1. Peptide A:316-324: average number of partner chain Cβ atoms within 10 Å per residue?
2. Across peptide A:327-336, what mean number of C-beta atoms from other chains lies inside 10 Å of a residue's C-beta?
3. May I ask you to derive the FRET efficiency for residue A:53 and residue B:112 from their Cβ-Cβ distance with R0 = 56 Å, giving the value to the nearest 0.05?
4. To check my understanding: the extent here is largest minus smallest coordinate of the Cα atoms along each principal axis. What are those three numbers for the range A:150-248, in Å, largest first?
5. Along the Cα→Cβ direction, 7 angstrom out, place labels at residue A:36 and residue B:67. What is the inter-label distance in nm?
6. Taking the 0 to 90 degree range and rounding to the nearest ten, how far is the long axis of helix A:395-409 tilted relative to the main principal axis of chain A, both from C-alpha atoms?
7. Using just the C-alpha positions of chain B as equal point scatterers, what log10 of I(q)/I(0) does the Debye formula give at each q in 0.09, 0.15, 0.20 1/Å?
8. What's the ranking of A:194-202, A:177-185 by average number of surrounding C-beta atoms within 10 Å, highest first?
């Protein structure tokens, strides 16, 4: 009886476990519960992916109310793919979280950390499964509000201002999104995505719909941290607790990219229909700006977490450029990069978290030469660095390959050149970390440190293995994203 | 606060009436305007009035943060639990029709239950927000 209800259980089980953890007030119970729930959600996501591959999209009507009236959960290939990505990260990050959380967060608040983690996880899963534009807003808020709390738990007092800034920018983003949804509702009278897709072509020429699309794109771009709207991100990732950086850097912007793809392709039927407002060209421009500008800033950072945060903004550029190309290869690049970037950033932030756990600093000067004392962490950092650059046999290369194919299919050589240039800039900032880790004389703080504890190394190694495996054989993730992209582009009129 | 005898007496008369009105709004919710959210806010306003007149410390004794935190979480569980009850009785999640012997009674029961969950969570959240703002100088750092 469980299988037909999987879409709802996927969301509701973590949601229910959060208040239970709040009542029990025990950090140990909360951690075990979070581990059990995230791994169960991962298993459920794999089952859903298998079912979607076998039998096509799954729908679930909440409360038994049929689709355009009630809330509908709809899982197609893209949702299932994102669901697997998010649950994989969630279940690995929770294993990693235990040791650093116990050290970085006051003991009486540790159980609250896990409550917030579960709520944020719920929101991410909800965004992936829902087929309702308003419901997506609710889950966006659940995941963002708990993310603000998670960031503010950082031991550094600057975490509070970082969280507050994220709160302001995130709330503006969510408000813009809901204004856009309200305008679409005004013109079509529906909130269901499939129903919206059917009704929108009749009103596409109206100014209100142009405004709706503009508001939604800007709102989601804020959550996505596309170049001029990225100001909240570096501080939030830098000052958050290590485990939170891992979890949020790998999921929160990725789910916003998913939401943007969902709205532009499923609801509006692809960017090509916007002759009066060339939103695809705008996104292309800002995506390329993100790639270059953020990489340039990343090159000059001395704080590893901040460096990785800026590199995230640059990597977000790949996703935005991919989805703005409007062809199957470009969209497939965006989709596969949701997975690839989640895996490489989780790996890198975990490695940095391990270093912080032992050395107590993330400044390049303080961690110089750590890789000789922590060879496994150093090697993992190297694997993640290669993925970030996009060298062949790394998962970053899979994305670049699709992206170049998509750009060249349209004959846009400058875009291809920018993608390659961005990879070269990544080489520069990754080299700074590698140089500090391997080639510099050990800093005083590094003397006498040991390798990170096994419970932190286990998820690190799993992620490194994922990075290597899907880099060497990208056919599984590549074929899945091409199939998902074909389904999305195929629906466009 | 001893000087304001009239305020205190009137408040003592009003607080039970406010609570009763909250319950009226609560149970009226499934027939007309009203429901758990509004009822929760009204119910919490009774506590807030009490705290304004008799002090936050006294009010905290009536509604200890530990208890309020628990009801805050329990409300969500009541809501979600209603959904699970529907699942176990063979319906979709939150499909109230299967909760009782016929669909109309089921819908009635289901809405009453989830509205009760909303009531618990909203009133607890309101009280918590008030206590946090009002009690900042009293005992910072406590729940």
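What follows is calculated from the coordinates using simple rules that are stated; it is not laboratory data. Just so we're clear, the structure is a prediction, and the values are computed from it rather than from any experiment. Cβ placement follows ideal geometry from the backbone for every residue including glycine, while neighbour counts extend to all protein chains displayed.
1. 0
2. Per-residue shielding by partner chains comes out at 0.
3. Efficiency at R0 = 56 Å is approximately 0.85.
4. 53, 23, 18
5. 3.0 nm
6. Compared with the principal axis, the helix lies near 40 degrees.
7. -0.35, -0.79, -1.12
8. Peptide ranking by packing, descending: A:177-185, A:194-202.
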